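Worksheet for the structure shown next.
The values are calculated or read from the model by the stated rules, or taken from the named source; none is laboratory data. Here the structure is a predicted model, which is why all the values come from computation and not from measurement. Cβ sites come from the backbone with ideal geometry, for glycine too, and all protein chains shown count toward neighbours. In case anyone asks, the SASA skips ligands and DNA or RNA and just uses the protein heavy atoms, side chains included. Shrake-Rupley method; radii C 1.70, N 1.55, O 1.52, S 1.80 Å.
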Amino acid sequence: MSVAAPTSASEEEQPTPPPFAARTVVRRLRFHVFVAVAALAMAVYVTHGLWQQPYDNVIAVNVGDQAFFEWVLSYGVHLLRDGGDPFFTTLMNTPLGVNLAANTSITVYAILFAPLTVLAGPQVTFVTILTLNLAGSAFVWYLFLNRWLVRSRVSAAVAGLFCGFAPGFVSHANGHLNWTSGWIAPVVLWWLLKLREKGRWLRNGLVLGVLLGAFFTLAAEGLFFTALAGGVFLITWSLSRTTWPEARAALPTVLAALGVTAVVAGAILAYPLHMHFAGPQTFKGTGFNQRHYAEDLGSYFSFSERSLAAKAGLGSDLAPNPTEATSFFGLPLMILVIASLIMLWRRAEGGRRVTVGAVTVVGVVFLLLSLGPRLNFLGNETDIPLPYALIQSLPLFDSALPLRFALVLVGVIGIVLALTADTLLDRTSVPHPAQTAFAAAFAFALVPIFPLPLLYGPRAPEPAFIANGTWKTYVPEGGTLSALPFAINVAADGQRWQAYTMARGGRQFLIPDGYFLGPDIDGAEGKGRISAVPRRTDWLFLRAALYGHVTQVTNTDRAYARADLQYWGIDALFLPPTVTGPTGPLYRAALEIVATDLLGEPERVDDVLVWRIRPGTDPVDR
């Protein structure tokens, strides 16, 4: 297949050593180990702030997502110990529950890493998976490129490290265990290309089906993007006059393998997909505005705030938030990519040229999709409509954030860099001056986007009231307990305390609210939203915590609170010594004043203040 790395004339003339000759295997393994160690070292460098104090430090710019993923990792322990539904739970957002199939449940990670979660806690499991994701993405891209596209392992290593630590994936390392699973794309593409192997359609289709079933829980949106990109590439490549005979010959085998893949993946995903699209607490779309989360064209030529260029004052704030800086390749790299494509196109022949063209088509398509329904340029939305406006309401596309399509460009650029470096390292066909010029261009393009470590900050320590199990004397079996304020993405401590309790096993408590994606008011029009639909008592406490606002509580407030607390079935509320917010500690003193005014004097238990609640009775009017 012309997608595979070509063989040079010099290689054809020389006798090749036996494929399993000891020296060849040792040399290959030695280089593999070198790349793996380099990737792991880079990943530890990026995440070292969390490794220093995993129990005390938190990702500074995305406290909520880290709390959510620590929760689902602990839920994996709960599933193994106590059973339950991997895709739905009422432990959070009681009494309605949460549709985990419609969220990123990372079920495979939660089960595989459950022993580590039990031994060290979800905090350590979180940073372990985050680190392995970054390192694994670089290493697997290296293996993929070396197997399918280039002869030179050096070329594959440079491109693989770029793919693993591109600005977009370092940005998503701010809390996203799903999007940092960048290794999924090359694994899926690897087996997609293997589907053409004659006589192995059953095995290859079976393996791909199992992989798709497993990867759905890890990164469903990324899997969708990978399938789209793979489809665009294969269709473009197959329809070329040059490669059509090869594609036509492989078509029966590929279709047979895809049939097996569909049956296997369909069987594995039947229940998860049912829950995702038709289960309780499902929804359409997300709680995020697609026009806001669209890529700014200028961001492709700008530098991320977490890059060496930013240290020199060249960073840009064109991203909607620090976790969604999905492109930011910088002007030098974009120029290098364009120049490389021109060079590759001119030098390639036959199927190799078709491969370069198909990769280019994928890049252009996903660049356009990432720009969203209207063109944004340098922070300003224009009136210029874009193709995404035609598909934004279609199933799956309505649940995607357009700017994330830019992450596909990471793989495209990685392929271009690998092909370019591979060509330049062929001294028989490229003059030395050209090699020197391109080597300088590589350094000039890649050094500025070298990542800076993730920002981190302190978080509230787990209160002894939770860690020691004292809470059990205040909450009956199957009862509901909540920290103040009620858990939400900007104040997720209550969700963390439940996660740590699940990781230790034993009796659990339910919590109201939480940070997740769910339906809007009564599921109106099936629209999604972030966290639970707020009730009046939610806002009473959240306003005190976020802004230090002390409400003059009235009996009307108490009446609403009685109804809300009864709705949640809350048995006790507690206020820990410190409350973590999105950028640091929240206003605990204001919380204590409002809670005392609403609920009366608390009990001091261990290191927290506790209010016992009699559902339907408390708080009493004054």
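How long is the gain from residue 37 to residue 617 if the chain were fully straight, where each residue apart is worth 0.36 nm and the alpha carbon distance is subtracted? Please report the intermediate quantities before stating the final value.
Details: separation 580, 0.36 × 580 = 208.80 nm, distance 6.09 nm.
Length gained, residue 37 through residue 617: 202.7 nm.
Could you tell me which of rounded, prolate or oblate describes region 413-459, using a ≥ b ≥ c as the square roots of the eigenvalues of the alpha-carbon gyration tensor, with rounded for a/c under 1.5 and, failing that, prolate when a/b is larger than b/c and oblate otherwise?
On the way: a/c = 5.44, a/b = 2.93, b/c = 1.86.
Prolate, because a/c is 1.5 or more and a/b exceeds b/c.
Taking amide H positions as placed in the peptide plane 1.01 Å from N, state which residues far from residue 605 in sequence (5 or more) or on other chains have amide H under 5 Å from it.
Counting only residues 5 or more places away or on other chains, the set is 610.
With a cut-off of at most 13 other beta carbons within 10 Å, and DSSP calling the residue loop, which trypsin sites (Lys or Arg not before Pro) in region 421-516 qualify? Please list them. Could you put the intermediate results ahead of the total?
Details: sites: 427, 459, 472, 496, 504, 507; in loops: 427, 459, 507.
In loop regions of region 421-516 (DSSP not H, G, I, E or B), the sparsely surrounded trypsin sites (Lys or Arg not before Pro) are 427.
Take the Cβ-Cβ distance between residue 536 and residue 603 as r, set R0 to 25 Å, and report the resulting FRET efficiency rounded to the nearest 0.05.
Details: r = 25 Å, r/R0 = 1.01.
So, using R0 = 25 Å, E works out to roughly 0.50.
Starting from the 7 Å offset along Cα-to-Cβ, what nm value, one decimal, do you get for the label separation of residue 434 and residue 45?
Taking the two extended label points, one gets 3.2 nm.
With the dipole of the chain worked out from charges on the C-beta (+1 for Lys and Arg, -1 for Asp and Glu) around the Cα centre, which of 186, 435, 283 lies farthest toward the positive end?
Most positive-ward Cα: 435.
Set Lys and Arg Cβ to +1 and Asp and Glu Cβ to -1, take the dipole of the chain about its Cα centre, and tell me which of 547, 137, 572 lies farthest positive.
137
Grab the beta carbon distance between residue 85 and residue 29, set R0 = 45 Å, and tell me the FRET efficiency rounded to 0.05.
Working: r = 43 Å, r/R0 = 0.96.
Efficiency for this residue pair is about 0.55.
Can you give the calculated 222 nm mean residue ellipticity of the chain, where each DSSP H run of n ≥ 4 adds -39,500 (n - 2.57) and the sum is split over every residue, rounded to the nearest 500 deg cm²/dmol? Before the final figure, lay out each step's value.
Values: 22 runs with 331 residues, N = 622.
That comes out to -17500 deg cm²/dmol.
Suppose accessible area is computed on protein heavy atoms with a 1.4 Å probe; arrange 578, 583 from highest to lowest. Provide the component values of the computation, followed by the final result.
Details: 578 55, 583 135 Å².
The ranking, largest first, comes out as 583, 578.
Report, by chain and number, residues whose modeled amide H sits under 5 Å from the one on residue 307, excluding near sequence neighbours (fewer than 5 apart, same chain).
452
Could you calculate the FRET efficiency of residue 444 with residue 347 from 1/(1 + (r/R0)^6), where r is the beta carbon distance between them and R0 is 35 Å, rounded to 0.05? Intermediate values should be presented prior to the final figure.
Values: r = 22 Å, r/R0 = 0.62.
Calculated value: 0.95.
So how much slack lies between residue 550 and residue 339, counting 0.36 nm per residue of separation and subtracting their Cα-Cα distance, in nm?
Details: separation 211, 0.36 × 211 = 75.96 nm, distance 6.06 nm.
The residue 550-residue 339 span can extend by a further 69.9 nm.
Measure off, as a whole percent, the carbon and sulfur share of the 1.4 Å-probe accessible area of the chain, all protein chains present.
On the way: 16560 of 25910 Å².
Exposed carbon and sulfur together represent 64 percent of the surface.
Can you list residues whose amide H is under 5 Å from residue 527's amide H, if they're 5+ apart or on another chain and H is modeled 1.01 Å from N?
HN-HN under 5 Å from residue 527: 284, 520.
Considering only DSSP beta bridges whose two residues both sit in the chain, what percent are antiparallel, to the nearest 5? Walk me through the numbers before you get to the answer.
Numbers: 23 of 31 bridges.
That works out to approximately 75 percent antiparallel.
Given a 1.4 Å probe, how much area per residue of the chain is accessible, in Å²?
Details: 25910 Å² over 622 residues.
Using a 1.4 Å probe on heavy atoms only, each residue of the chain averages 42 Å².
Given the options 176, 361, 619, identify the residue whose Cα lies farthest towards the positive end of the charge dipole of the chain (+1 on Cβ of Lys, Arg; -1 on Cβ of Asp, Glu).
Farthest towards the positive end: 361.
Karplus couplings for region 291-308 from phi (6.51 cos²θ - 1.76 cosθ + 1.60, θ = phi - 60°), rounded to Hz, Gly and Pro as x?
These are the phi-based 3J(HN,Hα) values: 5, 6, 9, 10, 6, 7, 4, x, 5, 5, 9, 9, 10, 5, 5, 10, 9, 4 Hz.
Just check region 329-382 against the gyration tensor rule for me: Cα atoms, a ≥ b ≥ c as the square roots of the eigenvalues, rounded for a/c under 1.5, and otherwise prolate or oblate depending on whether a/b exceeds b/c. Provide the component values of the computation, followed by the final result.
Working: a/c = 4.63, a/b = 1.93, b/c = 2.41.
Since a/c reaches 1.5 but b/c is at least a/b, the shape of region 329-382 is classed as oblate.
Under 1.5 on a/c is rounded, so check that first for region 494-622, then, if it is not, pick prolate when a/b is larger than b/c and oblate when it is not; a ≥ b ≥ c are the square roots of the alpha carbon gyration tensor eigenvalues. The partial results should precede the final answer.
Numbers: a/c = 1.32, a/b = 1.11, b/c = 1.19.
Rounded, because the longest to shortest axis ratio a/c is under 1.5.
About its Cα centre, what dipole magnitude does region 348-463 give when the only charges are +1 on Lys and Arg Cβ and -1 on Asp and Glu Cβ, stated in debye to the nearest 20? It would help to have the intermediate numbers written out before the result.
Working: 6 positive and 7 negative charges, 32 e Å.
For this selection, approximately 160 debye.
Could you give the dipole magnitude of the chain about its Cα centre, charging the beta-carbon of Lys and Arg +1 and that of Asp and Glu -1, in debye to the nearest 20?
Numbers: 43 positive and 41 negative charges, 412 e Å.
The dipole of the chain has a size of about 1980 debye.
If you compute P(r) over Cα pairs in 10 Å bins from 0, in percent for the structure shown, which of [x] 3, 15, 25, 25, 17, 9, 5, 2, 0, 0; [y] 3, 12, 17, 18, 17, 12, 8, 6, 4, 2, 1, 0; [z] 3, 14, 22, 22, 16, 11, 7, 4, 1, 0 do you land on?
The calculated read-out lines up with [x].
So if I take the centroid of the Cα atoms in region 118-142 and the same for region 436-465, what is the distance between those two points in Å?
16 Å
Span-like helices, the chain: DSSP H, alpha-carbon axial extent 27 Å or more, mean Kyte-Doolittle 0.5 or greater, which ones? Display every interim value, and only then the final one.
Details: long enough: 22-52 (41 Å, 0.88); 63-82 (28 Å, 0.30); 122-148 (37 Å, 0.93); 201-238 (29 Å, 1.47); 244-278 (43 Å, 1.13); 350-370 (31 Å, 1.55).
What comes out of the filter, once short or polar helices are dropped, is 22-52, 122-148, 201-238, 244-278, 350-370.
What ³J(HN,Hα) values, in whole Hz, does the Karplus curve 6.51 cos²θ - 1.76 cosθ + 1.60 give for region 602-616 when θ = phi - 60°, with x put for Gly and Pro?
x, 8, 9, 10, 6, 10, 10, 9, 10, 10, 6, 10, 9, x, x
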